[in-house]
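Novice: So that we are looking at the same thing, I have put the structure below in structure tokens.
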Amino acid sequence: MAAACGNNERMDSHPRPTRWRQAMVARLEAAQDVAAPVAAAMLAVPRHLFVPGVEPEAAYRDEPIVTKRDAEGRPISSSSQPAIMATMLGQLGVRPGHRVLEIGAGTGYNAALLARLAGPGGRVVSLDLDADIVQRAREHLSAAGAGEVEVRCLDGAGGCPELAPYDRLIATVGVWDLAPAWPAQLAPGGRLVVPLDLRGVQVSVAMERDGGRWVSRSVRPCGFMRMRGPFAGPETVTVLRRDPEALLMLPEPRELGELHDAAALDAAPTEITVRREEPAPPFAAVTGLALWLALHEPRWCGVSGDFGRGPVYTAGLAEPGGVAVLQADGSLTVRGHGAAGARLAAELAAHVRAWDEAGRPEASTLRIEAHPNTPNAPDLPDDPAAGGRVVIRKRHTTLVVGFG
Ligand SMILES: C[S@@+](CC[C@H](N)C(=O)[O-])C[C@H]1O[C@@H](n2cnc3c(N)ncnc32)[C@H](O)[C@@H]1O
């Protein structure tokens, strides 16, 4: 089964999409490292053919495009943001001839990029949970000239043993734990790249085997919708408001009373400016702060949405009766809402200062080890003295995490 999409240009003879693709890749290259083969794949694969309901030009903005929601309005399928796709494909390092497994076919666009990278001698297998998504992904891939990609309707937690082994495995959906099937289906020397949950914060981590454990080779900030099905984690996403969208993310369910209402976040806040700065810290820094909170503070929460000053992803503290969130747009300010808001704002400001004094560690400085939970697994205690090492116990693995 060859994985190629060689006749894109025939299917996509219109010159404007070619220019839009060139502009998209140029913008990405100006903003971040994009590996040369990844840039070439993005130049070749027509993203607009994977999101047929969307204006073709809009398909080349650096934005995720939601393609399916559940009954509560939570996004459950999308074409991910091109910037994070480029980052993760760089981490994955697919070479011609590689056999690649993708968890989360979605629109099929990333699978088409993988097929370009693996070349005619490679193989790409992509899995999704819903039959309608799988059907559409197949249609898009075929329209884009990449019909050789094998798309199967399977729970990604089980991988696809029938076509294993794989040289590379990528999840384009947030995973709470490493499924035992994944390492088992990877060939010796194989690498996996997954958006991994660290107490509610996601990082895209590239891992390789090192004896009996898995060790991170690179870590990058990311934010993906979560895996569904029996392998889903305990994280919760609450829709605070639909239009404009506002979401509250918690690492596990917690009773927060009337905070499950956007009005609580829109109400007049207590503001504490921790530091004035210009320009605003980038997404990577805010994710670094979210990680700092997640590793140090059980009351942490994530918030994304538009609260009157444009879309933001930010982090904060929430407890019944109050929430405090960081605002990072030209200054680092914490805003507390609700009866406990002033106290929570002061506590969040103290965390922000501690993170600032520690040199603002970012996701890219994290080192993560994953140890399978076997009966003879060593006991791994937290060791805050040794670089803030934190141990996170999951169902199948124990993660040891520290800022490097
Ligand atoms: C962000 S989308 C993937 C984007 C996709 N790679 C693309 O290029 O369009 C995440 C996908 O993961 C799928 N998904 C969620 N849970 C899953 C599971 N347990 N097994 C397989 N796929 C799953 C969702 O249905 C959704 O289509």
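Novice: Assess whether Val34 counts as being within 12 Å of the ligand (Cβ to nearest atom) and on the phi < 0 side of the Ramachandran plot.
Specialist: It is false that Val34 is within 12 Å of the ligand (Cβ to nearest atom) and on the phi < 0 side of the Ramachandran plot.
Novice: Based on what the data block shows, is Gly322 modelled with pLDDT of 80 or more and under 24 Å from Val237 (Cβ atoms)?
Specialist: yes
Novice: Arg395 - would you say it is of a type in the set (D, E, K, R) and at pLDDT 85 or above?
Specialist: When the stated conditions are applied, Arg395 passes them.
Novice: Pairs under 8 Å by beta carbon, first residue over 25 Å from Leu28 (Cα atoms) and among the acidic types (Asp, Glu) in region 66-81, partner at pLDDT 90 or above and within 7 Å of the ligand (Cβ to nearest atom), six or more apart or different chains?
Specialist: Pairs that qualify, where the first residue is over 25 Å from Leu28 (Cα atoms) and among the acidic types (Asp, Glu) and the partner is at pLDDT 90 or above and within 7 Å of the ligand (Cβ to nearest atom), are Asp70/Ile76.
Novice: Please state which one of Ala39, Ala111, Ala44, Ala105 is without any contact (Cβ under 8 Å) to a residue 60 or more places away in the chain and either more than 11 Å from the ligand (Cβ to nearest atom) or surrounded by fewer than 21 Cβ atoms within 10 Å (Cβ to Cβ) (or both).
Specialist: The unique qualifying residue is Ala39.
Novice: For residues that are more than 16 Å from the chain's Cα centre (by Cα) and assigned to a strand (DSSP E or B), scanning just region 180-199, find the one that is nearest to Pro298 (Cα to Cα).
Specialist: Arg191
Novice: State all residues of region 49-99 that are crowded, with 18+ Cβ neighbours inside 10 Å and at positive phi; if no residue qualifies, say none.
Specialist: Passing the criteria: only Gly93.
Novice: In region 152-178, how many residues are without any contact (Cβ under 8 Å) to a residue 60 or more places away in the chain and not in a strand (DSSP E or B)?
Specialist: Looking only at that region, the number is 6.
Novice: What is the residue count in region 200-234 for residues that are away from the ligand (no atom under 16 Å from the Cβ) and part of a loop (DSSP other than H, G, I, E, B)?
Specialist: Final tally of qualifying residues: 3.
Novice: Out of everything in region 257-294 that is in a strand (DSSP E or B) and either buried (at least 16 other Cβ atoms within 10 Å of the Cβ) or not polar (S, T, N, Q) (or both), what residue ends up being modelled with the highest pLDDT?
Specialist: That would be Ile272.
Novice: Identify, from the list Tyr166, Tyr109, the residue that is over 28 Å from Pro372 (Cα atoms), modelled with pLDDT of 95 or more and either aromatic (Phe, Trp, Tyr) or outside the structural domain of Phe50 (by TED's automatic domain parsing) (or both).
Specialist: Tyr109
Novice: For region 114-144, name all the residues that are touching a Leu at 6+ places or on another chain (Cβ under 9 Å), assigned to a loop (DSSP other than H, G, I, E, B) and more than 10 Å from the ligand (Cβ to nearest atom).
Specialist: If the condition is that a residue be touching a Leu at 6+ places or on another chain (Cβ under 9 Å), assigned to a loop (DSSP other than H, G, I, E, B) and more than 10 Å from the ligand (Cβ to nearest atom), then Gly122, Ala144 are the ones that fit.
Novice: Could we say that Ser80 is within 15 Å of the ligand (Cβ to nearest atom) and modelled with pLDDT under 95 here?
Specialist: yes
Novice: Oh, and also: Go through Glu235, Glu245, Glu208 for me and flag whichever is surrounded by fewer than 21 Cβ atoms within 10 Å (Cβ to Cβ), within 19 Å of Arg95 (Cα to Cα) and acidic (Asp, Glu).
Specialist: Of Glu235, Glu245, Glu208, the one residue that is surrounded by fewer than 21 Cβ atoms within 10 Å (Cβ to Cβ), within 19 Å of Arg95 (Cα to Cα) and acidic (Asp, Glu) is Glu208.
Novice: Here's a follow-up. How many residues does region 177-200 contain that are under 20 Å from Tyr313 (Cα atoms) and touching a Pro at 6+ places or on another chain (Cβ under 8 Å)?
Specialist: Going through region 177-200 one residue at a time, the tally reaches 3.
Novice: Of the residues that make up region 235-251, is at least one within 16 Å of Leu178 (Cβ to Cβ), within 15 Å of the ligand (Cβ to nearest atom) and part of a loop (DSSP other than H, G, I, E, B)?
Specialist: Yes: region 235-251 contains one or more residues that are within 16 Å of Leu178 (Cβ to Cβ), within 15 Å of the ligand (Cβ to nearest atom) and part of a loop (DSSP other than H, G, I, E, B).
The values are calculated or read from the model by the stated rules, or taken from the named source; none is laboratory data. Model, not experiment: these values are computed from the prediction. Because the Cβ atoms are built from the backbone with ideal geometry, glycine has one as well, and the counts that use them run over all protein chains shown.
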